[in-house]
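Okay, structure first, notes after.
The values are calculated or read from the model by the stated rules, or taken from the named source; none is laboratory data. Just so you know, these numbers come straight off a predicted model, no measurement behind them. When we count neighbours, we look across all protein chains shown, and the Cβ atoms used for this are built from the backbone with ideal geometry, even at glycine.
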Amino acid sequence: MSSNSRSRVAPKANDRAMTVKVSAHDYDYDLVIIGAGVGGHGAALHAVECGLKTAIIEGGVIGGTCVNRGCVPSKALLAASGRVREMRDADHLKMLGIEVNDVQFQREGIAAHATNLATTIRGNLTNSMKAMGVDILLGNATFRDNHTVSYGNKKCTAQNIIIATGSVPFVPPGIEIDGKTVFTSDDALKLETIPDWVAIIGSGYIGLEFSDVYTALGSDVTFIEAMPKIMPGFDGEIAKQAERILINPRNIDYVTNVLATKVTPGIIGEKPVKIELSDFKTREVVDVMEVDACLVATGRAPFTDGLGLESIDVETQRGFVPVNERMQALDKDGEVIEGVWCIGDANGKMMLAHAASAQGIAAIECMQGRDKVLNHNSVPAACFTHPEVSFVGMTEEQARAKGEEEGFEVTVKKTSFKANSKALAEKEADGMAKLIYRSDTQEILGMWIMGLHAADLIHEASNAVNQGMKASDLKFAVHAHPTLAEVVDEVFKQVETYA
């Protein structure tokens, strides 16, 4: 049904029914989404649930980065390599009364597991959209105006258009990618080789996860980090624990305060990769490293080139599409562009797949006249190493800086996995959890967890932030015993209550 023939009544919000009047234009669709990644998929399904005639345009493959070159295949590699690490840890197994000899693995089999999982998830996403009635249009999309998009040799019109084109790996200047000996995460996920010695440029989540995979499968790893310390985005205390647990016991070393200013590919088994290291401040060359392979894990850049954004007066900022808190795209003067929205990595607010999906749902709600604004402080994140690291909100350092600036005190409560019965039963009691909140109002500013299944444990704090709960509101929640959930329970129970 085209949108020219009706006005739409939104479900009640704040006990008031709001009527959203629709323009008299005869559009092909109520909504067109450019990009069929996790963000576009989430937005499409919610749009259909809201009664919008929806199409999604994809120029590559359904599922985008997350499903095909990111979250999904990387977790498959981590799962398989993690099993190898666990079964080769004779001391750990001996404590459980288990003995395993001569653990072997097939590189091709582990790589196939990642590929097969991506294929399965991609099929699931495609089928779910088709079942919901979403039209899937194939081709590279280009804006003609704020209600018209061309793809291939066709075009379509829509009352609203969402940009959900995601991102690509960022490769700094001076680094030559050959996809074999010098590569980004896109190629690393294929696991075509297991280098004896691999340098990883960048010690963020991507670099840490691949260090977990490579060391489990027998590689030595060297991190090259431009900042004064590794894991610069982590809470300081958690980073120290991570270094003790994830770095020091493994075949990993690192250099900091240096840039990889020139990287020259090698030839597998014949010629090493050459990495020219320069001082971060002076840019003077301080060393040349020769390794078997180099993974470039220096972050991601928005994929917005070729969208024809100039035709709708968008001026990108380092490639990102500027948006307001409702995800509406803004023109070069900072004014809302009617009918155009942008979600996910392309707007740069929070480059996480689940954040993109949440932004897409919020945008659909706003289109429907329900003023839904996503609280980005409530969006959790995780690094799927063994053990995992997860967080929501601020680091302790960020919280204390904010408190000093705004004049409030910060309280931090902590506990260890070593006090948890389930972690002790698993003989995996390394790790900690910490809750960070305002001392006066008990507003939750952040929570960090490192330990067994940390990625699953963070959501209680995430949902509490989303609901605007105080730290003390969590104190009396009941958690099953014996479970890992009691780790966060122990932190919550330390929070003071006030009369």
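Filtering region 270-304 down to residues that are within 30 Å of the chain's Cα centre (by Cα) and assigned to a loop (DSSP other than H, G, I, E, B), which residue is surrounded by the fewest Cβ atoms within 10 Å (Cβ to Cβ)? Give the steps one after another, and end with the answer.
Narrowing region 270-304 to residues within 30 Å of the chain's Cα centre (by Cα): 273, 275-281, 291-304.
After this cut, where a residue has to be assigned to a loop (DSSP other than H, G, I, E, B) as well, the list is 280-281, 292, 297-299, 303-304.
On the way: Phe280: 15, Lys281: 8, Asp292: 20, Ala297: 25, Thr298: 22, Gly299: 15, Phe303: 22, Thr304: 21.
Top of the filtered list is Lys281.
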Hey, could you check region 34-51 for residues that are hydrophobic (A, V, I, L, M, F, W, C) and buried (at least 24 other Cβ atoms within 10 Å of the Cβ) and say which is nearest to Ser128 (Cα to Cα)?
-> Ala44
Would you point out which residue out of Val72, Val100, Val84 is in contact (Cβ under 8 Å) with a residue 40 or more places away in the chain and more than 18 Å from Tyr214 (Cβ to Cβ)?
-> Val72
Criterion violated by Thr165 - all others in (1) in contact with a Pro (Cβ under 8 Å, 6 or more places away or on another chain); (2) without any contact (Cβ under 8 Å) to a residue 60 or more places away in the chain satisfied | (2)
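So, restricting to strands (runs of 3 or more DSSP E) that lie completely within region 305-411, which ones have at least 2 residues that are farther than 21 Å from Cys71 by Cβ and under 23 Å from the mean Cα position of the chain (by Cα)?
Values: elements: 328-330, 336-342, 381-383, 388-393.
Per the criteria, 328-330.
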Checking Val478 against (1) more than 26 Å from Met87 (Cβ to Cβ); (2) of a type in the set (Val, Ile, Thr); (3) not in a loop (DSSP other than H, G, I, E, B), which test does it fail?
-> (3)
Of Ala13, Ala47, the only residue that is modelled with pLDDT of 90 or more and either assigned by TED's automatic domain parsing to the domain that holds Arg144 or of a type outside the set (Gly, Ala, Ser) (or both) is Ala47
What's the number of the condition Ala455 fails, among (1) surrounded by fewer than 23 Cβ atoms within 10 Å (Cβ to Cβ); (2) in contact with a helix residue (DSSP H, G or I) (Cβ under 8 Å, 6 or more places away or on another chain)?
-> (2)
Hey, can you tell me all the residues within region 362-396 that are over 23 Å from Ile206 (Cβ atoms), in contact with a helix residue (DSSP H, G or I) (Cβ under 6 Å, 6 or more places away or on another chain) and crowded, with 21+ Cβ neighbours inside 10 Å?
-> Ile364, Leu374
Going by the conditions given, is Phe210 within 18 Å of Gly70 (Cβ to Cβ) and either more than 21 Å from the chain's Cα centre (by Cα) or surrounded by fewer than 18 Cβ atoms within 10 Å (Cβ to Cβ) (or both)?
-> no
Residue check, Ala464 against (1) outside any loop (DSSP other than H, G, I, E, B); (2) touching a residue at least 24 places away in the same chain (Cβ under 8 Å), all met but one. Which one?
-> (2)
So which pairs qualify, if the first residue must be in region 172-190 and over 17 Å from Leu78 (Cβ atoms), the second must be surrounded by 15 or more Cβ atoms within 10 Å (Cβ to Cβ) and of a type in the set (Phe, Trp, Tyr), the Cβ gap must be under 7 Å, and the two must be at least 6 apart or on different chains?
-> Ile177/Phe183
Taking region 217-233 and keeping residues surrounded by fewer than 24 Cβ atoms within 10 Å (Cβ to Cβ) and hydrophobic (A, V, I, L, M, F, W, C) leaves Leu217, Phe223, Ala226, Met227, Ile230
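Which of the residues that make up region 401-442 are farther than 30 Å from His386 by Cβ, out of contact with any helix residue (DSSP H, G or I) (no Cβ under 9 Å at 6 or more places or on another chain) and surrounded by 14 or more Cβ atoms within 10 Å (Cβ to Cβ)? Give the steps one after another, and end with the answer.
As a first pass, look at region 401-442 and keep what is farther than 30 Å from His386 by Cβ: 401-411, 438-442.
After this cut, where a residue has to be out of contact with any helix residue (DSSP H, G or I) (no Cβ under 9 Å at 6 or more places or on another chain) as well, the list is 401-407, 440-441.
Matches in region 401-442: Lys402, Gly403.
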Considering only residues that are buried (at least 18 other Cβ atoms within 10 Å of the Cβ) and not in a helix (DSSP H, G or I), look in region 235-253 and name the one that is farthest from the chain's Cα centre (by Cα).
-> Ile252
